[in-house]
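Data first, discussion second: the structure below is written as structure tokens.
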Amino acid sequence: MPQILYRKALNDAFAEELERDENVVLIGEEIAEYNGAYKVTEGLHARFGDRRVIDTPISEAAFCGLGIGASMLGIRPVIELMFWSFSYVAFDQLFNNAATVRYMSGGLINVPIVVRGPANGGTNVGATHSHTPENFAAYTPGLKVVCPSNAYDAKGLMKSAIRDNDPVFVMENTLLYGQKWEVPDEEYLIPIGKADIKREGADISLIAHGRCVITCLEAAKVLEEDYEIDAEVLDLRSIRPLDQEAILNSVRKTNRAVLVDENKPFCGTGAQIAAIIQEHAFDDLDAPVKRVSSLDAPQIYSKPLEDEMIPNVQRIVRTVREIL
Amino acid sequence: MSKNSNTTLETDKKSGAKKQSGKKPAKINASLTRDDKIKLYRDMVRIRRFEERSLHSYQQGRIGGFLHLYIGQESIAVATASLMEDNDHLITAYRDHGNALSVGMTMNECMAELYGRFTGCSKGKGGSMHYFAPDKNFWGGHGIVGGQTPLGTGIAFALKYKKLKGCCLCLLGDGAVNQGAYLESLNLAALWNLPVIYVIENNRYSMGTSQKRSSAGAPLARRAESYDMDWEVIDGSSVYEIREKLSPLMERARNDCTPSVVEIQTYRYRGHSVADANAEKYRSKKEIEDYKKNHDPIMLFEKTLIKEGVLTDATIEEIDREAKKEATDAAKFADESPYPPQEEIFTDVYWEIDHRTGKNEGRIFFND
């Protein structure tokens, strides 16, 4: 199977969907002539032209809202945010309009948009460009949140997101764009809401999404080699819908869970998952559920400190060893 | 309007209109039949009676929430809706009852929505500020000031993308012109040449703050010049004038996707919402009375139509009686309608869930 970059897997997903459905358009800053700030849309403007791949001015509120308005009439915009951090200037459009129009119209209107871009820290750019708002989005009924951890999932989930008739927020990761995974040539889709066991294990469940899955896989290796701990790594893939069954099945098997995510801890995604586990698998637990999140301060610029701020292998291993 | 654009309009001979607008904008009114005129008048009266009846229900405690009454501004809703063709669309803010009735939504569904009933236009899920009727090209009904302006721009984008010959009327209040989303929208519309007309309903007060205290530069529509867009100020007390001035801009948008901004001067007789306790403090009673006496759009149109021989005292009385009865009946209908059943809380949140497509797995609601 060919190995391809995370960014290329996304690019292929866009190309296939642009090809398949005339109503799919890509819009965002620098995505067309510049080929994408992170080259995720490279070559698509040349191939599909101005009508389908559209550069916008730096006006997130307007172009996110424009995408929502267009989607009400059947266009399927895939809106790139150069960083998910920039969603904050389009908050009203994304969190008020996209999330509630269907409900407030009693189901008369739907909003089939994808809003996508990187949402991660660890890139040494300071607080304004390092937000991970998957918890905000997942908090909001009406929205769906997908966080692919690898190229294979990124492509399959993106294609599903584009075909989904609800607003789907896809949160990618700049640190993954340049990494390669096996991706088949033939077309495939991954249903939204289905978690994936990335590593089977018996002793403890590491439950994560996005790049933290990769960090957990590294931590699992260390745990196995250095401590003979057999960790299972469960990739949630999406936060809403959430594969609760997969979470509970894993915890029932291992009886211990460490939740790993890049959110800040207070009201982060891990808080919700911990609540679900304690409610539905309390009797299966041999230890308290622990969390590894980003440290609870604005994202720090200084590189060595930021590396400590976001979840890393050492912190995961340390946390696992606290309960095992 | 910037001076040269009148020339553009006058010489724009293309027309995809069903109702021929011809070279001279005024023809848009000359071509109105007697029935058309009565409908314009009747719809204004219907809006006013609906609003009065809803206020009454509110005061009776039968409805709650916010209630932003359209009384005084009826001419705008009626004139805009009357100009809409098959591929024209309309979106507005939260003062939306008049637009809803003008595009053909029934008093029953509108009133029932205020009452939070299942028979409401949004099944009781939206409320006063969130009426929708996509089958009538009416896209709301939006609660956040200026929040609908990017959506309206997107509707215009969709029309152009689908190569449909239509335009979007994107209504906003005078307070919304100071929201970034609106100004960003103007830029996109002008930059991409989108068939949208931003219609500022300038009722002079953004809640309790007068235009003078909130907006630098006048007229408000003039901001369009920064984006090389044409603009125009219209006297909103005249249905004919709104139609005459708006029609060519819509025609041009349909034909060559040119966006524009119009500012329609109007006045609301009531407070910002019925909860506005200061409606007679931030403006004088005298001012309100002057509008009612001298600029009321219904009264003025009534005079015009009497002069034209279209209306008589008897027909006026009949139209009013019918409108009052329709509103009273609507309140009765609403009052007798059921509330949405409990399970409705979780429908209409997600399309894929409502349609049981199975494309989404996992848990979507988190209630326990």
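The alpha-carbon of A:Lys290 sits under 30 angstrom from the alpha-carbons of these lysines, leaving out residues fewer than 8 places away in its chain: A:Lys144, A:Lys194, A:Lys198, A:Lys221, A:Lys253, A:Lys264, A:Lys303. To the nearest ten degrees, helix A:211-227 and the longest principal axis of the Cα atoms of chain A are 20 degrees apart.
Ranking A:Ala137, A:Leu248, A:Val292 by Cα position along the charge dipole of chain A, where only Lys, Arg, Asp and Glu carry charges on their C-beta atoms, puts A:Ala137 farthest toward the positive end.
Taken one residue at a time, the phi angles of the range B:338-352 give Karplus couplings (6.51, -1.76, 1.60, θ = phi - 60°) of x, 6, x, x, 3, 5, 5, 4, 9, 9, 6, 7, 10, 4, 5 Hz. Gly and Pro are set to x. 3J(HN,Hα) along the range B:137-152, derived from phi through the Karplus expression 6.51 cos²θ - 1.76 cosθ + 1.60 where θ = phi - 60°, amounts to 6, 10, 10, x, x, 10, x, 9, 3, x, x, 7, 5, x, 5, x Hz, with x in place of Gly and Pro. Taking the inverse of the mean reciprocal distance over all distinct Cα pairs, the Kirkwood hydrodynamic radius of chain B comes to 21.3 Å. Other residues lying with their Cβ under 9 Å from the Cβ of A:Met171 contribute a combined charge of -1, Lys and Arg counting +1, Asp and Glu -1. Using the Cβ-Cβ distance between B:Thr328 and B:Leu191 with R0 set to 30 Å, the FRET efficiency from 1/(1 + (r/R0)^6) comes to roughly 0.05. Subtracting the Cα-Cα distance of A:Phe91 and A:Asp286 from 0.36 nm times their residue separation leaves 66.1 nm of extension gain. Computed with a 1.4 Å probe over protein heavy atoms only, the accessible area of B:His355 comes to about 90 Å². The distance between label points at B:Leu55 and A:Lys180 comes to 7.3 nm (points 7 Å beyond Cα on the Cα→Cβ vector). Per residue of A:279-290, other chain Cβ atoms within 10 Å of the residue Cβ number 0 on average.
Which one of A:Leu234, A:Met309, A:Ala219 has its Cα pushed farthest toward the positive end of the charge dipole of the range A:196-323, where Lys and Arg give +1 and Asp and Glu give -1 at the Cβ? After comparing all options, I get A:Met309. Of all DSSP bridge pairs formed entirely within the range B:29-339, close to 10 percent run antiparallel.
The dipole here belongs to the range A:3-182: it is taken about the Cα centre, uses +1 on the Cβ of Lys and Arg and -1 on the Cβ of Asp and Glu, and is about 260 debye. Within the range B:296-368, the trypsin sites (Lys or Arg not before Pro) that combine a DSSP coil assignment with at most 12 other C-beta atoms in a 10 angstrom radius are B:Arg356.
Charge tally for A:Asp235 (other residues, Cβ to Cβ under 13 Å; Lys, Arg +1; Asp, Glu -1): -1.
The charge dipole of the range B:117-205, taken about its Cα centre with unit charges on the Cβ atoms of Lys, Arg (+1), Asp and Glu (-1) only, comes to about 400 debye. Scanning residues 5 or more positions from A:Ile197 or on other chains, those with amide H under 5 Å from its amide H are A:Asp235, with H placed 1.01 Å from N in the peptide plane. Across the protein chains, with a 1.4 Å probe defining accessible surface, the residues B:Phe50, B:Phe66 rank B:Phe66, B:Phe50 from largest area downward.
For B:Val233, nonlocal amide neighbours, meaning residues 5 or more places apart or on other chains whose placed amide H falls under 5 Å from its own, are B:Glu263. Any idea how far the Cα center of the range B:353-368 sits from the one of the range A:141-164, in Å? After rounding, the separation between the Cα centres reads 15 Å. For A:Met1 and B:Gln342, a Förster radius of 60 Å and the Cβ-Cβ distance give a FRET efficiency of 0.75, rounded to the nearest 0.05. For the protein assembly as shown, the antiparallel share of DSSP beta bridges with both residues in that region comes to about 20%. For the range B:111-173 versus the range B:184-260, the spacing of their alpha-carbon centroids is 19 Å.
Stretching B:Ile144 away from B:Asn87 to a fully extended chain increases their span by 17.9 nm, per 0.36 nm per residue minus the current alpha-carbon distance. The range B:274-344 and the range A:13-51 have Cα centres lying 51 Å from one another. Placing unit charges on each Cβ (+1 for Lys and Arg, -1 for Asp and Glu) gives the range B:29-339 a dipole about its Cα centre, and among B:Tyr115, B:Cys168, B:Ala79 the Cα reaching farthest toward its positive end belongs to B:Tyr115. Counting, for every residue in A:55-62, the Cβ atoms of other protein chains within 10 Å of its Cβ and taking the mean gives 6.
Averaged over the residues of peptide B:354-360, the number of Cβ atoms from other protein chains lying within 10 Å of each residue's Cβ is 5. Label positions at B:Arg321 and B:Arg34, each projected 7 Å from the Cα along the C-beta direction, are separated by 2.0 nm. Between B:Ala26 and A:Tyr227, the distance separating the two model label sites (each 7 Å from Cα on the Cα→Cβ line) works out to 8.8 nm. Amide H to amide H, with H built 1.01 Å from N, A:Asn165 comes under 5 Å of B:Glu352, counting only residues 5 or more places away or on other chains.
Can you give the FRET efficiency to the nearest 0.05 for A:Arg47 and A:Glu187, using r as the Cβ-Cβ distance and R₀ = 25 Å? My answer for the efficiency is 0.90. The phi torsions of the range B:159-171, fed into the Karplus equation with coefficients 6.51, -1.76 and 1.60 and a -60° offset, translate into couplings of 4, 5, 4, 7, 6, 8, 8, x, 9, 10, 8, 10, 8 Hz, rounded to whole numbers, with Gly and Pro shown as x. The charge dipole of the protein assembly as shown, taken about its Cα centre with unit charges on the Cβ atoms of Lys, Arg (+1), Asp and Glu (-1) only, comes to about 2440 debye. Please check which bits of the range A:248-269 a label hung off A:Arg318 would reach, taking the label as a point 7 Å along Cα-to-C-beta and the cut-off as backbone N under 18 Å. Those under the cut-off are A:258-266. Could you tell me how many degrees, from 0 to 90 and to the nearest 10, lie between the Cα long axis of helix A:60-72 and the main elongation axis, the longest principal axis, of the Cα atoms of chain A? The angle comes out at about 80 degrees.
The values are calculated or read from the model by the stated rules, or taken from the named source; none is laboratory data. Everything quoted here is computed from the prediction, not taken from an experiment. Reconstructed Cβ throughout: ideal geometry from the backbone, glycine too, with neighbour counts over all protein chains shown. Heads up: the accessible areas ignore ligands, DNA and RNA and are worked out on the full protein's heavy atoms, side chains in. Shrake-Rupley method; radii C 1.70, N 1.55, O 1.52, S 1.80 Å.
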